[in-house]
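This report refers to the structure that appears directly beneath it.
Taken together, the values in this text are just the output of simple stated rules run on the coordinates, not laboratory data. Keep in mind it's a predicted model, so treat the numbers as computed, not measured. All Cβ positions, even for glycine, are placed from backbone atoms using ideal geometry, and neighbour counts span all protein chains on display.
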Amino acid sequence: MFLVRLIYASKITDGFGPKDIENILQSARTYNVKTHVTGMLCFSNKYFLQCLDGSRTAVNNTYQQILNDKRHHNVIMLNYTQIPEREFEKWSMGYVPQSRVTESLNLKFSGSVDFNPFKMSGESAHLLMLALKDSITGAIS
Ligand SMILES: Cc1cc2nc3c(=O)[nH]c(=O)nc-3n(C[C@H](O)[C@H](O)[C@H](O)COP(=O)(O)O)c2cc1C
């Protein structure tokens, strides 16, 4: 089964709190280990940016689950492509908190210093995630 990468952006719903992040990561990691999905989730400025790598079936099924999740809305797919290899193979779901999404990285990959994945192309979102991965390698599991 060949590999695909899916990147999407979304916005948190009202009432979202730190406990929600914990719960999302816990279920994401539990399910992704079983389905062999790997990836990274960035959270900053009320937005999510997530990359899912894995088999087409596993990634599509996971995305369907995510689309129906009431903890966020305005889910928009930024990138979907077949890939020759995974880019986040060490992480069932690596987490990048707000503090890691720096103004200089935002400026490098978007038109402003503020994190807003809705204003980024799929390619820039992908490159930002790779830069974030490089900046935190060794700091998360
Ligand atoms: C921003 C965000 C990212 C998520 N990432 C994943 C993920 O990578 N894998 C996953 O299985 N569920 C993820 N979820 C959770 C799913 O939406 C869903 O809650 C989970 O699959 C459990 O489904 P269940 O409640 O029917 O058991 C995410 C949810 C949100 C809001």
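Per the helix-only calculation at 222 nm, which mean residue ellipticity applies to the chain, given -39500 (n - 2.57) for every DSSP H run of n ≥ 4 and division by its residues, nearest 500 deg cm²/dmol? Calculated at 222 nm, the ellipticity per residue is -11500 deg cm²/dmol. Just checking the listed ones, Pro97, Pro18, Pro117: in the Gaussian network model of the chain with Cα springs under 10 Å, the one fluctuating most is Pro18. Eigenvalues of the alpha-carbon gyration tensor of the chain, scaled by 5 and square-rooted, set the equivalent ellipsoid semi-axes at 21, 18, 15 angstrom, largest first. Placing a pseudo-label 7 Å from each Cα along the Cα-to-Cβ vector at Thr13 and Thr102 gives an inter-label distance of 3.6 nm.
When the Gaussian network model of the chain links Cα atoms closer than 10 Å, the mean-square fluctuations of Tyr95, Tyr31, Tyr47 top out at Tyr31. Checked against a 26 Å cut-off, the cross-linked pairs Lys70/Lys108; Lys70/Lys90; Lys11/Lys108; Lys19/Lys108 give Cα-Cα distances beyond that limit for Lys70/Lys108; Lys70/Lys90; Lys19/Lys108.
Think of the chain as having a plus end and a minus end, set by charges on the Cβ of Lys, Arg, Asp and Glu; of Ala125, Tyr95, Thr13, Thr13 sits farthest toward the positive end of this dipole. The charge dipole of the chain, taken about its Cα centre with unit charges on the Cβ atoms of Lys, Arg (+1), Asp and Glu (-1) only, comes to about 200 debye. Listed from fewest to most Cβ neighbours within 10 Å, the set His36, His126 follows the order His36, His126. A Förster radius of 35 Å combined with the Cβ-Cβ distance from Glu123 to Gln64 puts the calculated FRET efficiency at roughly 0.90.
In plain terms, the chain from Asn23 to Ile83 could stretch by 18.7 nm, reckoned as 0.36 nm per residue minus the Cα-Cα distance. A simple spin-label model places the labels of Val75 and Tyr31 0.8 nm from each other, with each point 7 Å out along Cα-to-Cβ.
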